[in-house]
Amino acid sequence: MLMIPKIFLRRISCVTIVCLALAGYSPNAISWGAHVHTAIGILAVEQLQPETLLILEDIISPLTRQAMAEACNWPDVIRETEEGKWGGSLHYVNIPRGDEVYTSLRDCPEQPGPSERPTQHCATEAIKFFATGLVNPQASKEQRWQSFAWLCQLVGDLHQPLHTGYADDRGGNDVNVVFNGEAMNLHHFWDFALANQRAGSWQYLVGELSEFPPVRAASGWSPEMVDDWTNESHKLAGESVYPANPEIDEVYAQQSWELIQKQIRLAASRLALIINSELQP
């Protein structure tokens with residue numbers, strides 16, 4: 001278990017998370033924004049089966065919206081600490097330009113470490129690892145809380161297409177754009193700037209997206225599905241994410257916002273699928 005004080009580990013202040021989001025941290029510090037990660041967690045919980053919800057309530061305790069904000073953003077907060085910086089490489093997976101299919105041996109480097117950490121460092125394999133950790137009978141409640149937090153964060157990250165992008169431009173970090181007169185990189189535009197402009201809070205996102213029926217997920221979860229989700233997101237990165245011009249116009253911004261909302265809803269349904277499958281009584 002990570003040697004982080006429990007009070008910091010479990011009771012991250014929502015003020016801290018909101019400040020991180022509103023300050024516009026670089027994409028290396030905040031992945032897909034605190035608002036989006038919180039919304040994904042809340043929308044996923046709303047899709048849980050009653051018996052699964054009871055088990056998750058015992059792990060999160062109390063299972064409130066504030067608890068979702070704390071848990072689903074915890075991996076971003078701790079990677080700014082000395083104890084948690086090891087997890088930075090779990091938030092993305094890079095696939096070579098020109099390749100359409102994720103290959104774990106090529107795209108997810110080995111990084112052996114303590115048993116509570118994945119041995120392969122990328123979002124795809126980490127999701128599989130923490131799904132197992134969520135139901136590990138030998139894990140403490142604290143470790144299962146951590147597994148849920150990582151799952152909420154990483155399922156969200158995997159559905160931000162540039163988190164499954166190309167190594168040669170660092171997932172769009174090396175692509176410069178201008179949005180609303182402000183210079184930034186493309187990854188930051190997708191991670192934070194557009195969602196903050198169009199939504200501004202997780203409350204708004206949840207309110208807007210709750211009006212849509214949940215995205216229909218598969219009836220059962222298997223780890224191999226995460227490979228398919230990775231390939232799907234990577235395809236979006238190549239086909240729908242890179243703008244024709246550095247100056248972001250309203251047409252591209254609106255198309256991007258519609259895709260982001262679709263990906264949030266999809267991530268929530270798939271997170272619910274994992275939890276419903278893994279926490280079956």
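The values are calculated or read from the model by the stated rules, or taken from the named source; none is laboratory data. For clarity, every value in this text was computed on a predicted model and none was experimentally measured. A quick note on method: Cβ atoms are made from the backbone with ideal geometry, for glycine too, and the neighbour counts reach across all protein chains shown. For the accessible areas, the whole protein counts, side chains as well, though only heavy atoms, and no ligand, DNA or RNA atoms are used. Shrake-Rupley method; radii C 1.70, N 1.55, O 1.52, S 1.80 Å.
Some points to look at:
- Residue separation of residue 167 and residue 224 scaled by 0.36 nm, minus their Cα-Cα distance, works out to 18.2 nm of gained length.
- Size of electric dipole in the stretch 128-252: Cβ of Lys, Arg +1 and of Asp, Glu -1, about Cα centre, debye, nearest 20: 640
- Given their separation in residues at 0.36 nm each and the Cα-Cα distance between them, residue 212 and residue 262 gain 17.0 nm when the chain is fully extended.
- Applying 1/(1 + (r/R0)^6) with R0 = 35 Å to the Cβ-Cβ distance of residue 49 and residue 247 gives a FRET efficiency near 0.15.
- The stretch 145-281 - percent of accessible surface contributed by carbon and sulfur, probe 1.4 Å: 48
- Prolate/oblate/rounded label for the chain (Cα gyration tensor, a/c 1.5): rounded
- Full-extension gain in nm, residue 64 to residue 255, via 0.36 nm per residue minus C-alpha separation: 65.5 nm
- Whole-number accessible area per residue in Å² for the stretch 62-119, which is evaluated in the context of all protein chains at 1.4 Å: 50
- 15 Å beta-carbon shell around residue 38, net charge (K/R +1, D/E -1): -4
- Heavy atoms of the protein chains alone define the surface here; on that basis the stretch 195-252 has 59 Å² accessible area per residue at 1.4 Å probe size.
- Note on residue 81 and residue 138: their simple-model spin labels are 2.5 nm apart, each label 7 Å out from Cα toward Cβ.
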